[in-house]
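**Q** Before we start, here is the structure in question, set down as structure tokens.
The values are calculated or read from the model by the stated rules, or taken from the named source; none is laboratory data. The structure presented is a predicted model; accordingly, all values stated were derived computationally and were not measured. Note that we place each Cβ from the backbone using ideal geometry, even for glycine, and neighbour counts take in every protein chain shown. The protein model used for the area step is the full one, side chains on, heavy atoms only, and it has no ligands, DNA or RNA in it. Shrake-Rupley method; radii C 1.70, N 1.55, O 1.52, S 1.80 Å.
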Amino acid sequence: EKQPCQGARGWLVPSAKWCGVQRERTAGGAGAPRPAAEMADSRKFGTEVWIALAVYLGLLLLLLVYAAVLRCIRARSTAPKENSLVEHFLAGRNLGPIALGFSVSASMFSGYTVVGLPAEAYSKGFSAWRWVGSCTFITIVYMAYAPRMQWLSRVRGHDSLCYYIKDRYGIAQQHRDPLHWLMVIVLLVPCFIYLCAQFDAFGNTISTLTGGAVTPVIGAVGLAALIAVFEILGGLHVVALTDVVQGVVLVAGAMLILISMDIHFEGLPAISKKLEVLDPSLVQVMDGAQGLSWAEFWIGVGVQRALFPDYPHRAMAASSQKSLRVGMAILALSPFLVQVPLLFFGIIGRVHHPDLENPKEIFTLVVLDIIYSDMFGKVVGSIMMAACLAAIMSTADSVLMVVSQIVTLDIIRPILEAIAAKRSSHSASEVASAPPASPSAASEPGKVPPFAVPAAAAAGTGPPKTGGCLVISSRIVTVIAAGVCIPVVESNIDLSFMIQFQSAIIAQTLPTIVLALYWRGMHKGAAIAGLLVGVSSGVALVGNEVPGGILISLAGNIIATITVACTFPRFAAPTSEKHAEALLHIFWRKPSSSLPIQEFGDVKGLGVAPPPYLEPVKSRWGLMILAMALPWLALPLYRQSGTIDLYLSGSPLWAVTAVVVLLLTHFLLLYIIACHWKDKTEFAYRADLPPSVIGGGSHEGSLVSAGTAGAGGESALAHAAADMFHSHSAHGEHGGSSSEHVASIRGELQELRNEMMKQSSAQSNIMREAVREEINALFA
């Protein structure tokens, strides 16, 4: 028995040459020991693998062509320059349920899952099923904020996570605000490290598949060219469509191991018995230290992955709450189709390749065993290898899209807006100081003085026209970001060490993003304090390998955030009328009484977006708490650690119990999604309207606000926002006429709504039209 030679950088597989002879296979395996010379030629990936990869890449290219044609058709029917950024980064806010569900699921399962989970199972046995619990908390955190963020991004026109931060915290000038730049750093640095890791994994995988004929750098160049073309030509729409193909391939490649265990190996019961003889700790009931590692892994990975920028952006891109619900259901089911079977690669590999120095090679070694068993094994193994590349590519294209979005919309755009505002101010001052135009010039119809500036631009309130420039910038950023990752593959940077800080950094955005959706008392000072405490302590604790470091830092962040917010509540007051209008959309139980959407009932004909009628986090919050508590029952605290448990179909009973408990938790989450996440009405989105129709937002995709600018020049929402802002700024001195006007309209609308509710079902349609006419008359 000899172990295989160390592979290139120890990523996925050993080099093509083997030392000594192969371990003799047991019953159900293939063949007797063969000499090293024969093994050196035979233990390579054959033509069948390249055929499978060619078919897989061909499907991706067909989807690219389809998405590019569809994008051109949609561009002709809308204003390209106005909606191009939303079309590129958010798929025009039209991402359907299947594409959304597979996109978030495929992005969750990166190369770390396909390589890391089998490697952990190789080293630690059945305790590697802790990975499933991390997906439980990813789903819970995502359910906590995605419904509200989808609605709020539509109503307020958010096109990036940092623009939500700007609108929510009343940031007037992003290029000068410390919270904005702190969020950019906290989001961008982990994303870039994660992106480099995907390029590194892909390059070394391709190098191994070709037996070293293609270097890792060339493989990384191929990945950069492929996903850059996808994102430049198709944007998020084609990325989501390719994620559907990649998700299907990934599920198929993982599930096929359940068949191969009996056909190409000796079956799970025999493998587990041999595993017990080889190393009893791999099947024993785990101890308290491993239980703590499960807890930290669940919270750290669950929180940070659900808050990774691609997840909020997918929520913003969802076409409706229904699409988001279906996508969330797919996300809840996916770990049992991918992560549960992936453990068996490591278990099988530990029996058949027991002396590996680098466990990360075990996935491909098992795939090689399957390929060189029989013809069916060649087909199965080829799909498995394609699944590995699909996991890497699905994460790489999503993260590259996020990096491009952050750099373009949150770094370049604020700078361009500041430059445009400065030029507008300078032009306005020139107009003010210029001599008056001659009467003859002013009287000529259609003639404009040479230095005339539009009123909105002169006042500094109109959005700068930077859409076309930003579209070009996003393409350039995509190419540069992909290109910068290529040298990392050849460098000696320890990405495995750097990736440890990913959870410690991203998880700290939990209060800043999620808490701010429901609590108006959350203000900018509290967000900055929490981020500084959480990030600094998290990096220090994780860097020094303190057990539970992520949990400690996140707890410190939450305590600091709430303490500062409650100690200085005056900082939560709106800083402008626009900020006051944004705060009207922040609520817990029900919308503010000043928010017109509360008064309308059925708003389908009005084009107004109501918030979800039921949201998982607040409609049945007791069930959400139960869902967060149930996974802890998966820890085998009821069993004595170190004992050998009974086997159930080849798996230790404690491990099967853990998976069953997690499965029941996910069934509870599916019940919450189906029964306690509802829209009261269906409504039409109006993406063709100018972005200023609601709150003066400067970005695309806004919705029509209730009571759009009537004869008085203000909507009911604008009245409420102005009243809220002036009441704070005047320390309780309210604007009387505005408040009375809003109260009067609100009272009349409530009377009309009550009258409609009293009518029979046969008369409801007629009454609804009458109410709409009365509402239009009121606002006219």
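**Q** In the stretch 182-208, which residues are under 25 Å from HIS585 (Cβ atoms) and open to solvent by 10 Å² or more (accessible area, probe 1.4 Å)?
**A** LEU182
**Q** For VAL488, all conditions in the list (1) under 30 Å from ASN204 (Cβ atoms); (2) modelled with pLDDT of 85 or more; (3) in contact with an Asp or Glu (Cβ under 7 Å, 6 or more places away or on another chain) hold save one; what is the number of the exception?
**A** (2)
**Q** Do we find that ILE347 is assigned to a helix (DSSP H, G or I) and in contact with a Ser or Thr (Cβ under 6 Å, 6 or more places away or on another chain) in this structure?
**A** Taking the combined requirement at face value, the residue does not satisfy it.
**Q** Quick check: is even one residue across the stretch 469-477 within 21 Å of TYR194 (Cβ to Cβ) and modelled with pLDDT of 90 or more?
**A** yes
**Q** Out of ALA289, ALA252, ALA295, report the one residue that is more than 21 Å from the chain's Cα centre (by Cα) and closer than 30 Å to VAL69 by Cβ.
**A** Of ALA289, ALA252, ALA295, the one residue that is more than 21 Å from the chain's Cα centre (by Cα) and closer than 30 Å to VAL69 by Cβ is ALA252.
**Q** Assess whether GLY235 counts as being touching a residue at least 12 places away in the same chain (Cβ under 8 Å) and farther than 30 Å from GLY327 by Cβ.
**A** No, not satisfied.
**Q** Can I ask one more? Regarding the stretch 503-519, can at least one residue be identified that is at pLDDT 60 or above and open to solvent by 50 Å² or more (accessible area, probe 1.4 Å)?
**A** For the stretch 503-519, residues at pLDDT 60 or above and open to solvent by 50 Å² or more (accessible area, probe 1.4 Å): present.
**Q** Then there's this: Going by the structure shown, is ILE562 open to solvent by less than 70 Å² (accessible area, probe 1.4 Å) and either part of a helix (DSSP H, G or I) or farther than 20 Å from ALA144 by Cα (or both)?
**A** When the stated conditions are applied, ILE562 does not pass them.
**Q** Can you tell which of ARG314, ARG325 is of a type in the set (Lys, Arg), modelled with pLDDT of 90 or more and in contact with a Gly (Cβ under 9 Å, 6 or more places away or on another chain)?
**A** Every option except ARG314 fails the conditions.
**Q** Can I ask one more? If I go through the stretch 227-265 residue by residue, how many of them are of a type outside the set (S, T, N, Q), within 30 Å of ILE347 (Cβ to Cβ), open to solvent by less than 10 Å² (accessible area, probe 1.4 Å) and assigned to a helix (DSSP H, G or I)?
**A** Going through the stretch 227-265 one residue at a time, the tally reaches 6.
**Q** Hey, among the residues in the stretch 77-107 that are open to solvent by 50 Å² or more (accessible area, probe 1.4 Å) and part of a loop (DSSP other than H, G, I, E, B), which one's modelled with the lowest pLDDT?
**A** It comes out as THR78.
**Q** Next up: From the residues in the stretch 648-676 that are open to solvent by 60 Å² or more (accessible area, probe 1.4 Å) and more than 34 Å from the chain's Cα centre (by Cα), which one is nearest to MET286 (Cα to Cα)?
**A** Restricting to residues being open to solvent by 60 Å² or more (accessible area, probe 1.4 Å) and more than 34 Å from the chain's Cα centre (by Cα), the top hit is LEU653.
**Q** Could you list, in sequence order, the residues of the stretch 268-291 that are open to solvent by less than 60 Å² (accessible area, probe 1.4 Å) and either within 15 Å of PHE345 (Cβ to Cβ) or among the basic types (Lys, Arg) (or both)?
**A** Answer for the stretch 268-291, where residues must be open to solvent by less than 60 Å² (accessible area, probe 1.4 Å) and either within 15 Å of PHE345 (Cβ to Cβ) or among the basic types (Lys, Arg) (or both): LEU268, ILE271, SER272, LEU275, LEU282.
**Q** Restricting attention to the stretch 324-339, does a residue exist that is surrounded by fewer than 22 Cβ atoms within 10 Å (Cβ to Cβ) and of a type outside the set (A, V, I, L, M, F, W, C)?
**A** The answer is no, given that none of the residues of the stretch 324-339 is surrounded by fewer than 22 Cβ atoms within 10 Å (Cβ to Cβ) and of a type outside the set (A, V, I, L, M, F, W, C).
**Q** Which one of these is at pLDDT 90 or above and crowded, with 24+ Cβ neighbours inside 10 Å: VAL402, VAL407, VAL351?
**A** Answer to the selection: VAL402.
**Q** Got a number for residues in the stretch 369-388 being in a helix (DSSP H, G or I), open to solvent by 10 Å² or more (accessible area, probe 1.4 Å) and either under 15 Å from THR208 (Cα atoms) or in contact (Cβ under 8 Å) with a residue 60 or more places away in the chain (or both)?
**A** 4
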